[in-house]
1. Of everything in the range 16-39, what is modelled with pLDDT under 75, surrounded by fewer than 22 Cβ atoms within 10 Å (Cβ to Cβ) and in contact with a Lys or Arg (Cβ under 8 Å, 6 or more places away or on another chain)? Give them in sequence order.
2. Looking at the range 94-136, which of its residues are of a type in the set (S, T, N, Q) and surrounded by 15 or more Cβ atoms within 10 Å (Cβ to Cβ)?
3. Kindly evaluate Val100 against the criterion of being more than 13 Å from Phe127 (Cα to Cα) and at pLDDT 95 or above.
4. Restricting to the range 59-104, what's the tally of residues that are more than 25 Å from Gly141 (Cβ to Cβ) and in a helix (DSSP H, G or I)?
5. Quick test of your reading of the structure: Leu38 fulfils all but one of (1) farther than 21 Å from Ala133 by Cβ; (2) of a type in the set (A, V, I, L, M, F, W, C); (3) part of a helix (DSSP H, G or I). Name the failing condition by number.
6. Going through the range 34-58 one residue at a time, which ones are touching a residue at least 40 places away in the same chain (Cβ under 8 Å) and of a type in the set (Gly, Ala, Ser)?
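The values are calculated or read from the model by the stated rules, or taken from the named source; none is laboratory data. What you see is a predicted model, and the numbers here were worked out from it, not measured in a lab. In this analysis, Cβ positions are derived from the backbone assuming ideal geometry, glycine residues included, and neighbour counts consider all displayed protein chains.
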Amino acid sequence: MTGVPARSRWSLLLRGPRLSRRPLDLVATAAFVAGGALLVTSAAIHFHLWAETDGYRSIPTIGPLFLLQSIAGLVIGVGVVVVRRLWAAVIGVGFAVATVGGFLLSVSNGLFGFKDSWLAPFAKEAFVVEVAAAGVLALAGVLCLVGSAPRARAGSTPAGTAT
């Protein structure tokens, strides 16, 4: 982004829906809530698979990664809903895409000495949930860029406005 000051580039990440009844803000807020809920659902699936008696917990490296995914998915999912800013949507999309990528890599080539399968319990459901989370959070991010403004600090005036 040449020609745009670095401070302005970073301020884009602070964009989010306003607390208003404008349709764009309502849709953006709904997208953040839905995306966060989908990330939490993915986390719950991974925790369930890790916690089962003969679950992923017993697989070296993969077991701890399943537990880590469930904890991170819960934290990021809740964070996305609470924060509702472009940077949170970007983190959520990245997390969902990384989870999908790890699964696809594990299915196609194997990962850390373990090869997963589309026939594994909840494999297809988790895949659909994670792809949906990435899509919904990408939509939330686009809506932030299209119609929302950066959050101003208390006592300050937004850049470009007269005092």
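1. Within the range 16-39, no residue meets the criteria.
2. Taking the range 94-136 as the starting set, the residues that turn out to be of a type in the set (S, T, N, Q) are 99, 106, 108-109, 117.
Residues satisfying the conditions are Thr99, Ser106.
3. no
4. 6
5. (1)
6. Ala34, Gly35, Gly36, Ala37, Ser42
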